[in-house]
Each structure stands twice: as structure tokens, then as C-alpha cells.
Amino acid sequence: MALPRDRNEVTAATDRPATEAVFVADTAGLAGHPRGLTTLFFTEMWERFSYYGMRAILILFMVAPAAKGGMGLSTELAAAIYGLYTGSVYFTAIPGGWIADRLLGLRRAVLVGGILIALGHYCLAVNVRPLFFAGLVFIVLGTGLLKPNISSIVGQLYAKDDPRRDAGFSLFYMGINLGALISPLVCGYLGQKVGWHWGFGAAGVGMTLGLVQYVLGRNRLGRAGLLAAPAANAGRQWALILTAIGAAAALIYAVWPYREWLMLVLTAALFGWLLRTGARDRTERKRIGAIIVLFVFATLFWVGFEQAGSSLTLFADQYTRNVVFGWSFPSSWYQTVEPVFVVTFAPVFAWLWVSLGRREPSSPAKFAYGLLLLGLGFLFVAVAAQIYSRTQVKVSPWWLILLYLFHALGELSLSPVGLSTVTKLAPARIVGLMMGVWFLALSLGNFLAGHVAGYFEKMPLPQLFGAVFLTTTLSAVVLALVTPSIKRLMAGVH
Ligand code: PHE
């Protein structure tokens, strides 16, 4: 399975051949991989532990009445905050990559990011309102510094054409999902059964363990993460000024009510620029065009998928019978189901694509399958909501489990495929920027998912989930229809 490439691939592969041998030779780590992979695997596992553990209880905490220790917010407001938070977490990946390149370097960016994330979770654990929002901001900034850059360091563990490279990223993706599947069990149990702040605190402890492990294991990284040195002094000054301007813009953006429109306009402007200036010839322009079309469908995918922590968690909490063997389990535990399926089926997908050989579907076709599977997942919950509205009896957990099975299969046919397609289609000199574009789809999707989840109480649920099912399925059909044209735009890349 092909996964994210490092942003500095070009530099790493062409400018410094002498350093290549140092890490190519390292086979002393996990499963014959460089030892640095072990360090990065656990750092990212703990970071995702903290992210998904906190996310599993975030909306439940916001809508819980004050008498139950919650914030007592309306579902609409809670969903909007949730969307803004999860959207921003991925949006900051774009400046985060840039700051690593210009100011901090990859390794320090990961360190500073991890410290900010841990601080953020501890702020939430303190459980007073001003610190709640400060905590969210810390996590947003920290994740922007950590998440894209740790993937880049993974990329630098391998030479450009090292055969272990894709497998290395697959292992790394396992670490991500391992963290994601353990944490709702821990943070969800503590948050919902013991006290909200214990759940948030556990997320902070997880990130702290990740940081300790990262610092102690840094010697294993060899030269990875040091390859792209930050710019020289004059450049740094500019970078500092730009960062300050960016931070000011972010503040305005956070309080501005029309931010979704602003994002769409900025995205359109970015695409216009990419097509006019980013592309140097016809082929490049066509391929960037293909990325833009795929971007639109990827965004639609995330709009549905990223309702996991919002509308689907509310459905789990309010309308599902959360009992096994007479014991009632916390509703946040459903967040464990999807990563379990991802870990289980990731090897199957890797095998499937290879074994299909010449009949392997093209990337746009895989995207269409992803959307179709996502839509089918929503069909289950739409039916479940309909059953509830007729019987007024909480529905079986199996509906959500089936939904998450389909969502996991959808994720596997779209998310890793998207990352590798972007790296193949983007001109090498702007591959980092195009990686940012990929995060932008995730970010936009999260914002819009927050909007959709905001209808949770304003619209009958069978209708709400049915609408997501219909939109997603329809877009899968449209994508299938335009797949031949996208393939033409891709000009020889599959
Ligand atoms: N489950 C993935 C993760 O947390 C979702 C994701 C994909 C996030 C791509 C960012 C980029 O890593």
C-alpha cells in the first residue's frame, strides 16, 4: 500500500547522495526497517491516541448538561465548534509543513508540536471554560506542526527508491490506527464513566508518553529529519514575519462568521494559481487538473466520513442500545470499531491491489468505490434511525458496527490511494504543497461535516442520514462516469 511520501524527497534523493547510504543500510528496526521507524511509529501512535481519545468524548462533553459536568451547549453550536476544531487541526498542516521547512526543521517541529498538543489536552483536563478554548487552539497548532512533518521524517528514513518504503508507510499507518483504536476505550471509559476531565487528562498523558519516547529515541533517526535545513538567516527573518502575519490572519479567520466561504474562495484561488503558475507545461497542467477533480470528490468523502465523532457519536449515545452481556458500555467506544477494521483489512487491500494485476482499478475508480462504500454505510444508519422513529426503542449496536465496517473499507480504498496518487501526479518541485492540498480536502470535509451534524436536532434523522447516503452515492456515480476523462487528464499515471 502506498502512503505519504516525504516532502523533501527531491532534496533527499538528488542533492545528498553521500548521506543516502547511511540510512539505506539500517535494517535493525521493526521488521527489517530502519530503527528510526520504531521511534516514529510510537510517537505517532501516541499522538493519534491523544487526538482520537479526546475526539471520542468531545461532542458528548459539549452537549452534556452542566449538572452532568458538561458544557450544556446546544447540539448545533457543539457541532459547529466540533467542525471548526477538526477542520482547523488539518488546515494547520499546511503552514505546519512550511514552518518546518523554513524555521524549525522537521525534528524540532515535531517536538514543539507534541509539547503544544500535550499542553492543550491538559488545558481541557483542568475543566474551566476559557482553558477549554485555549486547549483546542493549542491542539490545533500542535497537530499542524507534528502530523505532516512526522510523515516527512518517515519518508527520509528511506532512499527514494528503497523497496521497503511503501511497506514502511503501511507500518506507520498501523501505528496511527493502533493509537486510534486503543484511545476511545481508555479516554472514553474515563470520560464518560469517571469524569470528563479524566478522559481529557488521559489524552494528555498519552501525548506525554509519546514525547518522552520521541526524545529518548531520537538517536535512532540517523540523519532523517535533518536533511532539509531551514533557510539561512535572511530567509528566516522573512519566514518569522510571514508566520506572524499568518497567525494574525488565523485569529481574524477564527472569529469571522463567513469563514467557510473564505476557505472556498482561497481554495479556488490556490487552484487557479496552481494551474496558471504551478504547472510548467501541458502535461503538468492536465495532471494538476486531475488532482483538483479528485480533490472535490475526496472532500465529499470526508464530509460523510468525519461525522464519526459528531452526528454518529450522538446517534450512538442517544439512540443505540449500548449494552453487552448486561453491562452498559460508554457510547464513545464505537470510535474503536472503525480503526479495528482498518487494521484488519489494510493487509487485505494491499494484497488485493497487487493480486488484481492488470485488472487493478485506476485511482479515480478506487475513489468511486470509496464513496460508494461510505454511502452504503450511511444507508444502515438511515434505516436504523427510521426503525427508532417508528418503534421509539433504541436500536441494536450492529447498525453502527456495520456502518463502520463499510466506512473502513471506504477509507482504505480512498485515503492511502489519494496520498500516493497526489505524489505521483504532482510535479516533483511542488509535491509538498500538493500534500498540503490533500490535507486541505480533509480540513474542508471536517468543516462541512460539522455543518451537516448541526442538523442533528433540526431534521428527522432518517432524512439527515438518508441525504448523506444519497449525496455520497450520487457523487460516486458521477465520479464513475467521469473516470475516463480523469484518466485522460492523468496522462499516463495510474
Ligand atoms: N485516520 C487518518 C489519520 O488520523 C486520517 C488521515 C488521513 C489524517 C490523511 C490525515 C491525513 O491519520
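The values are calculated or read from the model by the stated rules, or taken from the named source; none is laboratory data. Remember, it's a predicted structure, so these values are computed and weren't measured experimentally. Don't worry about glycine lacking a Cβ; one is built from the backbone with ideal geometry, like all the others, and counts go over all protein chains shown. Each accessible area value is taken on the protein alone, full model and side chains, heavy atoms only, with ligands, DNA and RNA left out. Shrake-Rupley method; radii C 1.70, N 1.55, O 1.52, S 1.80 Å.
Within segment 151-168, the residues that satisfy the criterion of being surrounded by fewer than 23 Cβ atoms within 10 Å (Cβ to Cβ) and part of a helix (DSSP H, G or I) are ARG165, ASP166, ALA167. Scoring TYR455 on the criteria (1) touching a Leu at 6+ places or on another chain (Cβ under 6 Å); (2) in a helix (DSSP H, G or I); (3) away from the ligand (no atom under 16 Å from the Cβ); (4) open to solvent by 10 Å² or more (accessible area, probe 1.4 Å) leaves a single failure, condition (2). Note on segment 260-316: residues that are among the hydrophobic types (A, V, I, L, M, F, W, C), surrounded by fewer than 22 Cβ atoms within 10 Å (Cβ to Cβ) and not in a helix (DSSP H, G or I) total 1.
Give the residue, chosen from LEU77, LEU40, that is open to solvent by less than 30 Å² (accessible area, probe 1.4 Å) and in a helix (DSSP H, G or I). Don't jump to the end; show me each part of the working.
Working: LEU77 fails: open to solvent by less than 30 Å² (accessible area, probe 1.4 Å).
Sole residue among the options that is open to solvent by less than 30 Å² (accessible area, probe 1.4 Å) and in a helix (DSSP H, G or I): LEU40.
If you go through segment 325-340 and pick out every residue that is away from the ligand (no atom under 12 Å from the Cβ) and at pLDDT 95 or above, you end up with 9. For segment 80-111, a residue qualifies if it is of a type in the set (Gly, Ala, Ser), away from the ligand (no atom under 15 Å from the Cβ) and assigned to a helix (DSSP H, G or I), and the qualifying residues are ALA80, GLY83, ALA100, ALA109. For segment 351-385, the tally of residues that are within 20 Å of the chain's Cα centre (by Cα) and among the small types (Gly, Ala, Ser) stands at 5.
Only residues that are open to solvent by 20 Å² or more (accessible area, probe 1.4 Å), within 20 Å of the chain's Cα centre (by Cα) and away from the ligand (no atom under 14 Å from the Cβ) were counted across segment 169-203, and they come to 1.
Condition check ((1) more than 22 Å from GLY309 (Cα to Cα); (2) out of contact with any strand residue (DSSP E or B) (no Cβ under 9 Å at 6 or more places or on another chain); (3) part of a loop (DSSP other than H, G, I, E, B); (4) away from the ligand (no atom under 15 Å from the Cβ)) across all residues:
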| residue | (1), (2), (3), (4) |
| --- | --- |
| ILE401 | no, yes, no, yes |
| LEU414 | no, yes, no, no |
| LEU419 | yes, yes, no, no |
| THR423 | yes, yes, no, no |
| PHE439 | no, yes, no, no |
| GLY450 | no, yes, no, yes |
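Within segment 458-494, which residues are part of a loop (DSSP other than H, G, I, E, B) and surrounded by 22 or more Cβ atoms within 10 Å (Cβ to Cβ)? Break it down into steps so the answer makes sense when it comes.
Within segment 458-494, the first condition is being part of a loop (DSSP other than H, G, I, E, B), and the residues that meet it are 458-460, 490-494.
Across segment 458-494, the qualifying residue is only MET490.
Each row is one residue, and each column tells you yes or no for (1) in contact (Cβ under 8 Å) with a residue 24 or more places away in the chain; (2) over 25 Å from VAL140 (Cα atoms).
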| residue | (1), (2) |
| --- | --- |
| PRO339 | yes, no |
| VAL343 | yes, yes |
| TRP351 | no, yes |
| LEU356 | no, yes |
| ALA382 | yes, yes |
| TYR388 | yes, yes |
| LEU400 | yes, yes |
| MET435 | yes, no |
| PHE439 | yes, no |
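Condition test on GLY225, is it surrounded by 24 or more Cβ atoms within 10 Å (Cβ to Cβ), modelled with pLDDT of 80 or more, at positive phi and not aliphatic (A, V, I, L, M)? Answer is yes for this residue. Going through (1) in contact with a helix residue (DSSP H, G or I) (Cβ under 8 Å, 6 or more places away or on another chain); (2) at pLDDT 95 or above one by one, ALA350 falls short only on (2).
Just checking, does segment 112-125 include any residue being modelled with pLDDT under 95, away from the ligand (no atom under 16 Å from the Cβ) and either under 26 Å from ARG223 (Cα atoms) or assigned to a helix (DSSP H, G or I) (or both)? Steps first, please.
As a first pass, look at segment 112-125 and keep what is modelled with pLDDT under 95: none.
No.
Restricting attention to segment 426-452, the residues that are within 17 Å of the chain's Cα centre (by Cα) and either buried (at least 23 other Cβ atoms within 10 Å of the Cβ) or more than 18 Å from ILE59 (Cα to Cα) (or both) total 18.
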